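Encoded as structure tokens, the structure appears first; notes follow it.
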Amino acid sequence: MGPVASAKPPWNVRLRAWWEGVESTIPEANGARSGSDPSLRATQVAEPTIPPLMEWETEAIRIQQQIWGKGYYKPGGEEHVLGLAKPFGLNPSLTVMEFGAGLGGGTRALVNEFGVWVSGLEPTADLARAGKEMSVKAGVEKKAEIIRYDPAGFEPKPNSIDCILSSETLYLVEDKVKLMKTFERCLKSRGQISITDFVRSDDVAADDPKLKGLGLKPEDPTHFASSAEYVRWFRELNFDLRVNEEITEGYRKMIMDGWVDFTQSGGEKAAHARALPESVVKEVELWSRRVAALDAGTLQVKRYYAIKLGGSKLMSNW
């Protein structure tokens, strides 16, 4: 038997090595650091000066957009959002709610692609503020409205929405049962809902320490449901669950693609990395923790698509 090739170190280790070594690519071997191989050194060229932050912009938001694309603070970008909305069959006569709109990139993509009116709800204050300003700047502040979501006052009009879309947001919401009931109530009969979310594996307890530090900030509380809980909620509510699939592998690829592009592009992205190192480190650490949890099987990414049935269903057992 021939010699066994050495295993490639975990992605999070390679990403961290790239940052600490300031290399032009994510290292492919253990111990790859700046100076260990001249061919891996970042090209020594004059870098552009980054524009100043807008009044509503934070350093974190600037770096997130450099990694994930303009108008986005997480992987996937426009392609991911439009793919999740594909089953809806959107047209200008339909109304859409995007729950967890972030910086509004997906909300604006839906408006531009289908001509629909979209209410983008975002629970995180700085993201909602920035998203609203970006919709104003794009001239679509009415059709792609970004609104700060307040759990205490979230009471949309019953039977008023045709479609609800949410991508990797519900894990931040503690009372998902209440939220799912609200979604069901505000959807019209035969309304559609498409959700992707981080979920814990069914054999992982809700209070497992391995789930800590996976929110937007290490100290943020997270409330990961299990996939089995999501399925039960859809079935006990007035929904016909049509899709229940794991998309972890594809989501992991989106993470990889974003970081590879950021670390290899140079130019403006490299200039931002040098100018705002603390924000880059925080993103590196966050996504390293998340990739490690995905690779360990502690965390999964699931997609659910359902249609609201006609009539009503009693929830006395809740």
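No lab work stands behind these numbers, since they all come straight from the coordinates. Remember, it's a predicted structure, so these values are computed and weren't measured experimentally. Please note: Cβ atoms are built from the backbone with ideal geometry, for glycine as well, and neighbour counts cover all protein chains shown.
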What fraction, in whole percent, of alpha-carbon pairs in region 53-141 exceed 21 Å separation? 25
Work out, in µm²/s and without decimals, the Stokes-Einstein translational diffusion coefficient of region 82-232 at 4 °C, 1.567 mPa s, Rh from Kirkwood over C-alpha pairs. 81
Per-q log10 I(q)/I(0), region 219-284, q = 0.15 Å⁻¹ (Debye; single scatterer per alpha-carbon; no solvent): -0.74
Rounded to the nearest 0.05, FRET efficiency between residue 178 and residue 231 (Cβ-Cβ, R0 25 Å) equals 0.90
